[in-house]
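See below for the structure under consideration.
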Amino acid sequence: MPRFPRSAYDQTQGLVYFPRMCDKIRLHAAGELPEVYHDYLGKGFDGRICAFLRVDYADVKARILGGASDEETFAWCLGEGRGLHAIDYVVWNGFARKRGWRDDDGGTEMFEKFKTDGGFADRAELMTMFDFYEYDEGRKA
C-alpha cells in the first residue's frame, strides 16, 4: 500500500527536507512510495539538497538502503561532502521553505502547476512547495 514520505518540514540535525529524502528512498525500495514520486527521486529537492551538501544522490541512496539512519547518513554527508556552518542552515532552510514563492527560475510556475493539478488553485494559504506537500499528502486540510 502506498505511503507518503515524511513532511518536508522535518529536520535532521537542523536541516529541513533531509529526512523526507531518506524516507522516499526507503519507501521506494519497499514498493510503498506512490508512483507519482518516482520520476522525482534524486531530482528536484533531492538533487538540490545533495548538491548543497556536495554529495551524490546515488551514494546517499546506497547508504540509506544499506541500513544507515538519517543521522548517520547526514553525518557521512558532512564528512564526505562539505561541512556546514550555522549560516548554511539558514540559507538552505530559508531557500527550501520558500521554494515556489516568487522564484525567478521557473519554480513559481512549477509550483502553481502542481497546486492547480492537485486541486488547490483556490487555496491562497498554499504559497510554497512545502505547503503543497502538507496539503497534498493530507497533513493539513
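If you check residue 36 against the conditions, is it farther than 14 Å from residue 20 by Cα and in contact with an Asp or Glu (Cβ under 6 Å, 6 or more places away or on another chain)? Spelling it out, it is not the case that residue 36 is farther than 14 Å from residue 20 by Cα and in contact with an Asp or Glu (Cβ under 6 Å, 6 or more places away or on another chain).
For every residue, the table says whether it meets (1) within 20 Å of residue 15 (Cβ to Cβ); (2) part of a helix (DSSP H, G or I); (3) not assigned by TED's automatic domain parsing to the domain that holds residue 19.
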| residue | (1), (2), (3) |
| --- | --- |
| 59 | yes, yes, no |
| 78 | yes, yes, no |
| 109 | no, yes, yes |
| 115 | no, yes, yes |
| 120 | no, no, yes |
| 123 | no, no, yes |
| 127 | no, no, yes |
| 130 | yes, yes, yes |
| 141 | no, no, yes |
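Look at region 1-18: where a residue is assigned by TED's automatic domain parsing to the domain that holds residue 50 and a partner is part of a strand (DSSP E or B), sitting 6+ places away or on another chain with Cβ atoms under 8 Å, you get 8/16; 9/16; 10/16; 18/11; 18/12. For residue 124, work out the one condition from (1) in contact with a Leu (Cβ under 7 Å, 6 or more places away or on another chain); (2) over 30 Å from residue 30 (Cα atoms); (3) surrounded by fewer than 17 Cβ atoms within 10 Å (Cβ to Cβ) it doesn't fulfil. The failed condition is (1). With respect to (1) at pLDDT 95 or above; (2) in a helix (DSSP H, G or I), the lone exception for residue 36 is condition (1).
Among residues that are more than 21 Å from residue 24 (Cβ to Cβ) and touching a residue at least 12 places away in the same chain (Cβ under 8 Å), residue 41 is not included. In the set (1) within 18 Å of residue 134 (Cα to Cα); (2) of a type outside the set (S, T, N, Q); (3) part of a helix (DSSP H, G or I), residue 52 fails one condition alone, (1).
The values are calculated or read from the model by the stated rules, or taken from the named source; none is laboratory data. Not measured: the values here are computed from a predicted model. Here the Cβ is made from the backbone with ideal geometry for all residues, glycine too, and neighbour counts use every protein chain on show.
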